[in-house]
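Okay, so here's the structure we're looking at.
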Amino acid sequence: MASGENFSDFFYAAPDGLKLHARIYGDANVGHWPVVCLPGLTRNARDFHELALYLSARAVVRRKVVAFDYRGRGQSAYDPDVANYNVGVEASDILAGLAALGIEEAAFIGTSRGGLIIHLLGAMRPEALKAIVLNDIGPVLEADGLAHIRSYLDPSPKPRTLDEAVNTQRGVHGGDFPALVDADWERMVWALNRETTQGLMPDFDPKLVETLAGLDLTQPLATLWPQFDALAATPLLALRGGNSKLLSVQTLEEMSKHHPNMKTITVEGQGHAPFLETGDLPSAIAAFLDQAEHQHSSTRKAQDQS
């Protein structure tokens with residue numbers, strides 16, 4: 001296990017033997033739920049760096065944080081079979097990583113595709129999910145949002161310098177993210193890209209783009225309402241970017257009907273998906289996790305006494 005800036009690198013084997021990676025922040029924190037962070041389609045563990053530092057070192061209740069790189073992203077190995085880039089395989093990979101780390105239960109934070117994986121984990125290992133934060137994702141995906149993602153990934157931008165990369169991201173996302181400042185855009189660029197001898201390069205397998213190519217966005221998309229309904233007993237915080245194209249206001253309202261105790265935050269001035277380290281989001285997420293864990297402990301104590 002190698003060390004980085006306030007984190008350690010953890011490598012483990014997927015069920016099919018592929019070498020996968022996660023970042024570990026903080027100590028074991030016996031007595032408090034760890035936090036598992038799952039990124040978006042082409043993103044990686046670096047997306048959660050600032051939030052992980054907050055939750056593991058600066059929050060009132062400090063927690064161990066595990067941020068995963070899916071296969072084909074970040075420091076995880078690329079898969080020679082593009083068909084394995086799917087949420088089912090990736091969910092199994094996450095369970096393998098949790099087993100390797102000895103984590104039986106945790107709070108989960110899922111951005112975009114990470115939230116879809118959480119839906120599947122709820123069916124595969126419901127007892128592992130103690131609290132959930134869904135970042136701009138739900139059981140219904142809007143075709144316009146998927147079309148937007150496909151448009152800026154095909155072809156994937158190939159910036160060579162920081163300034164070029166920042167300008168590229170602003171050109172694609174600036175209209176949806178007027179709240180971001182220069183430092184936010186630079187963090188996004190460093191999270192999305194890796195440094196190479198040829199300059200900055202997107203830090204994911206280019207074949208990932210093929211997984212979107214076959215989607216027929218003129219037809220109704222499959223939904224995950226049964227999987228979402230299975231999460232009804234789990235404390236849930238849903239975040240939505242005020243300018244999101246992927247998670248609609250109508251879907252968020254319907255989610256609240258299916259999960260009456262769900263808490264929601266709309267992040268104004270941001271689109272898909274909100275930057276979790278900005279504004280009051282780190283403290284709001286920490287407070288949600290603390291309240292969920294406190295309520296769980298109180299309920300268990302009352303059951304033990306009855």
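Laboratory data are not the source of any read-out in this text; all were calculated from the coordinates shown. Just so we're clear, the structure is a prediction, and the values are computed from it rather than from any experiment. Every residue, glycine as well, gets a Cβ built from its backbone with ideal geometry; the counts of neighbours run over all protein chains shown.
In terms of its Cα atoms, the range 1-150 spans 40, 31, 29 Å along the principal axes, sorted from long to short. Each peptide in 94-107, 38-51 receives the mean, over its residues, of other Cβ atoms within 10 Å, and ordering these scores from highest gives 38-51, 94-107. The candidate values were [x] 18.5, 66; [y] 18.4, 58; [z] 19.5, 58; the one computed from these coordinates for Rg and Dmax of the Cα atoms in Å carries the label [x]. How much net charge surrounds Ile103 when only the other residues with a Cβ under 13 Å from the Cβ of Ile103 are counted, with Lys and Arg +1 and Asp and Glu -1? Net charge in that neighbourhood comes out at +1.
What pairs in Lys19/Lys245; Lys130/Lys257; Lys64/Lys257; Lys19/Lys263; Lys19/Lys207 have C-alpha atoms more than 28 Å from each other? In this structure, Lys19/Lys245; Lys64/Lys257; Lys19/Lys263 lie more than 28 Å apart at Cα. Annotation: the residues Tyr70, Tyr85, Tyr152, Tyr12, sorted from fewest to most other C-beta atoms within 10 Å of their own C-beta, follow the order Tyr152, Tyr12, Tyr85, Tyr70.
Within the range 156-202, the trypsin sites (Lys or Arg not before Pro) that combine a DSSP coil assignment with at most 15 other C-beta atoms in a 10 angstrom radius are Arg160. Looking at the chain, the DSSP beta bridges with both ends there are about 45 percent antiparallel.
Using a simple spin-label model with pseudo-atoms 7 Å out from Cα toward Cβ, Ser283 and Leu217 lie 3.8 nm apart.
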